[in-house]
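Working notes, structure below.
The values are calculated or read from the model by the stated rules, or taken from the named source; none is laboratory data. No experiment lies behind these values; they were computed from the predicted model shown. With ideal geometry, Cβ positions are generated from the backbone for all residues, glycine too; neighbour counts draw on all protein chains shown. Surface areas here come from the heavy atoms of the whole protein model, side chains and all, with no ligands, DNA or RNA. Shrake-Rupley method; radii C 1.70, N 1.55, O 1.52, S 1.80 Å.
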Amino acid sequence: MFDLSDLQGNVLRGYKDKPYVRYLILEIADRVVARRWLAAAISGRDHDVPQITSGDWGKAKPRTCFNIGLTYEGLRALGTPGSSLAMFPNEFIEGITARALKLGDVGASAPDTWPSPFNEPKRIHLIATIYAENVAQLDQVQQRALDRNALTLLGMREGNNFDGDFVHFGYRDNIMQPRFEGIHDPERHADGQPLAPLGTVLLGHPTNLEGLQWRVPQPTQLGHNGTFNAFRVLKQDVVGFENYLDQAASDLLTHPKVDEVLPPGGELKVCEVFEIEPPSRHAALREVVAAYLCGRWRDGTPLALSADMPDANVDRAKFDYDESSRCPYGAHIRRCNPRGGHIVQRVANNSRRLVRRGVPYGPAYKRDKSGDAGKTEPERGLLGNFIGASLGAQFEAMSCDWLNLGLQDPRITGSNDPITGTNDPATSWFDLPLKSGGTIRLRGLPEFVSTRGGAYTFLPSLSAIRYLGSLTA
Amino acid sequence: MPDNEGLMDRFVDRLPETAFFKFVAARILTPLWAWWTPVKPLPGGPHPSFQHGDNVQCMMNLIMPLKDKSPVGRAHAAMAISQHKDAIFAGLNNVGTVHFARFVIVGDNICMFSVYDGDFTNYIRDFIATIGEVFDAVVGLVEGGEKVIPCDKNVEAFIQWVHERDLYQVPDTPTDFLRDQERLNGDKAVAPVNDDLTLLPRKMVLQLRANANVSLGSGYRAYPGYSVAQVRKQLGLGW
């Protein structure tokens with residue numbers, strides 16, 4: 001089995017019992033002091049500096065967890081040799097703002113609209129993440145992290161997990177993560193997908209594309225077992241989403257083929273599952289639309305297994321897509337990971353998988369049926385981490401060709417992801433598949449999710465942190 | 001003064017047609033300009049865009065100078081393609097996003113011209129994953145190719161190498177060209193006066209000096225906006 005003690009813990013662990021998460025966006029104030037800070041953070045002795053949580057915490061489960069990611073500018077600021085820096089991939093060197101078109105960060109998501117501290121991407125050197133059981137712990141770890149004046153706090157973002165693993169838009173999340181070859185993972189059961197080679201998430205190991213290896217920045221202790229993270233601040237228009245469900249449900253109610261997406265009488269069961277009182281066909285159709293857009297009912301039931309009704313008894317993880325699947329080709333989860341389904345890029349199945357770590361920010365939304373008009377809503381969204389050994393081959397490839405162009409299936413090419421895509425109501429569309437083989441086309445989807453910040457970071461192994469801490473030039 | 005300027009304008013407008021000026025422009029002025037205001041070659045490939053229509057039927061015009069610049073060298077290149085033709089075609093089919101691909105020898109260059117859908121790096125990466133060994137056989141004959149083979153062990157470097165040999169695609173309008181130039185230099189200002197679009201813009205001349213081979217315009221498409229798979233599906237060919 002692979003030794004997890006050299007990895008940062010957040011790469012393969014979800015820290016499920018630490019629902020409070022804070023991101024410190026930091027600039028290196030002093031190169032020499034920052035190196036000492038890094039060395040102290042993995043020393044296991046100097047507890048005045050938060051200790052970086054490794055993937056193997058032995059018997060003593062930490063009360064708080066602490067992990068770091070470095071941007072290219074951060075590696076430079078630490079004095080990483082130029083020959084090593086040049087071995088990092090282009091997308092990481094250029095940084096997330098230079099990749100905006102590939103990621104769909106245009107219009108309201110464009111980097112030049114991002115608020116501080118993301119409006120000065122070159123100053124962002126290090127993003128430290130604190131995971132804790134409560135806010136007091138977050139404050140305490142933050143203070144220790146900043147104590148030695150190694151780092152200047154440019155800004156922070158904070159969120160906390162909601163009960164039941166629900167996220168904004170009301171979906172149950174945290175159902176799936178890739179399972180890796182050689183990693184003992186007793187918590188997860190088989191999901192019907194092949195085990196991902198370790199090179200999907202760590203540099204220096206075989207990847208899913210047979211024979212292909214990503215370049216490992218040298219020296220070995222710097223690059224080996226490292227990985228990359230696309231950190232994204234994703235604002236979610238929760239009110240807009242619920243309003244769209246209203247509108248789409250109203251449109252469907254009058255559609256001649258509506259019974260194919262919600263059998264007569266089906267509204268009772270749907271409303272029962274989602275505890276909607278009084279039950280109505282319109283309310284149930286709202287849930288049907290939400291389910292089709294995502295590929296899962298909001299309780300997590302995959303449409304691939306149960307398209308007519310949410311079903312708590314099905315295995316939420318274990319399913320695949322075939323031509324008879326009732327999951328729309330363009331549904332969010334199918335676009336992100338088409339699993340074994342037929343796609344245009346035949347070699348790309350299972351090759352763009354990502355470890356996803358997300359936490360909602362902003363208060364949970366309670367829908368006020370009397371109408372939200374005129375109310376000023378607080379900002380809500382997701383602080384997302386999309387982790388993989390190649391940002392270009394995984395996160396960007398998924399974003400540009402699959403989420404926002406729909407190249408993987410000719411039936412969705414030219415449309416964006418219905419939930420996270422950069423949609424314009426004037427041109428957007430989404431097809432609901434029908435049992436009879438036809439489709440009902442929904443139109444007018446606005447941009448529900450907009451990017452409000454982000455950074456590409458390198459998540460170094462503990463060996464790499466030791467190496468960076470020992471630099472002298 | 002206005003009269004004098006008009007006279008001068010007319011004189012300057014006629015200058016480019018004179019043999020003397022052509023000689024001076026090509027042999028003296030252009031090298032001098034290039035020395036005075038160095039111009040970076042603009043990167044190859046399609047212009048980054050978020051529009052769906054711009055991200056299907058993208059063009060790759062790859063020009064790779066052969067190491068052996070002789071009829072024998074060109075024959076080796078021809079052999080390398082013909083021996084691997086079946087594997088190349090099968091590989092392109094598996095990549096799934098390629099409309100057309102042609103191999104051509106022009107002068108002492110082996111060229112690959114193709115039309116593909118989606119992101120360039122994904123196209124090349126999937127191609128390497130499918131038939132990397134064929135790429136190795138061809139690229140091994142090309143100047144500098146030995147640095148990036150075997151390509152499946154040098155994926156990032158190989159993709160970059162291919163990108164650097166993909167021709168710059170001159171936009172359809174001179175203003176878009178000047179925009180590209182300014183972006184490359186990080187300029188935010190509009191084009192200065194020496195880029196009068198009624199004349200040959202100096203930056204265009206210098207760019208064509210730095211980038212001797214370019215692709216002109218966005219090209220003609222009989223059915224713009226459709227992916228390979230959409231066409232194949234519509235024709236009942238499977239995808």
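Within the stretch A:290-312, the presence of at least one residue that is within 17 Å of A:LYS435 (Cα to Cα) and open to solvent by 50 Å² or more (accessible area, probe 1.4 Å) is confirmed. For the stretch B:141-160, the candidate set comprises residues that are among the small types (Gly, Ala, Ser) and more than 8 Å from every other protein chain (Cβ to nearest Cβ); within that set, the residue that is surrounded by the fewest Cβ atoms within 10 Å (Cβ to Cβ) is B:GLY144. Only a single criterion out of (1) within 14 Å of chain A (Cβ to nearest Cβ); (2) not in a strand (DSSP E or B) is not satisfied by B:ASP68, namely (1). Filter the stretch A:56-90 down to the residues that are part of a loop (DSSP other than H, G, I, E, B) and of a type in the set (Phe, Trp, Tyr), then identify the one that is farthest from A:LYS122 (Cα to Cα). Across the stretch A:56-90, the extreme among qualifying residues is A:TRP57.
Identify the residue in the stretch A:189-242 that is more than 14 Å from chain B (Cβ to nearest Cβ) and without any contact (Cβ under 8 Å) to a residue 24 or more places away in the chain and, among all such residues, is surrounded by the most Cβ atoms within 10 Å (Cβ to Cβ). Checking each candidate, the answer is A:LEU195.
Restricting attention to the stretch A:343-355, does a residue exist that is open to solvent by 40 Å² or more (accessible area, probe 1.4 Å) and either away from every other protein chain (no Cβ under 14 Å) or in a loop (DSSP other than H, G, I, E, B) (or both)? Within the stretch A:343-355, not a single residue is open to solvent by 40 Å² or more (accessible area, probe 1.4 Å) and either away from every other protein chain (no Cβ under 14 Å) or in a loop (DSSP other than H, G, I, E, B) (or both).
With respect to the conditions (1) surrounded by 19 or more Cβ atoms within 10 Å (Cβ to Cβ); (2) in contact with a strand residue (DSSP E or B) (Cβ under 7 Å, 6 or more places away or on another chain), A:THR97 falls short on a single one, namely (2).
B:GLU133 satisfies every condition listed in (1) out of contact with any helix residue (DSSP H, G or I) (no Cβ under 7 Å at 6 or more places or on another chain); (2) away from every other protein chain (no Cβ under 13 Å) except (2). For first residues located in the stretch B:34-56 and within 14 Å of another protein chain (Cβ to nearest Cβ) and farther than 15 Å from B:TYR226 by Cα, partners that are part of a loop (DSSP other than H, G, I, E, B) and of a type in the set (Val, Ile, Thr) and lie 6+ apart or on another chain with Cβ distances below 9 Å form the pairs B:PHE50/A:VAL106; B:PHE50/A:THR422. The set of residues in the stretch B:99-135 being aliphatic (A, V, I, L, M) and open to solvent by 20 Å² or more (accessible area, probe 1.4 Å) consists of B:ALA101, B:VAL104, B:ILE105, B:VAL106, B:VAL115, B:ALA129.
Within the stretch B:124-165, track down each residue that is under 13 Å from B:ILE110 (Cα atoms) and among the charged types (D, E, K, R). If the condition is that a residue be under 13 Å from B:ILE110 (Cα atoms) and among the charged types (D, E, K, R), then B:GLU143, B:ARG165 are the ones that fit. The set of residues from the stretch A:317-342 being open to solvent by 50 Å² or more (accessible area, probe 1.4 Å) and within 14 Å of another protein chain (Cβ to nearest Cβ) comprises A:GLU323, A:TYR329, A:HIS342.
Identify the residue in the stretch A:401-450 that is outside any loop (DSSP other than H, G, I, E, B), in contact with a Lys or Arg (Cβ under 7 Å, 6 or more places away or on another chain) and within 13 Å of another protein chain (Cβ to nearest Cβ) and, among all such residues, is most open to solvent (accessible area, probe 1.4 Å). Once the filter is applied, the top-ranked residue is A:TRP429.
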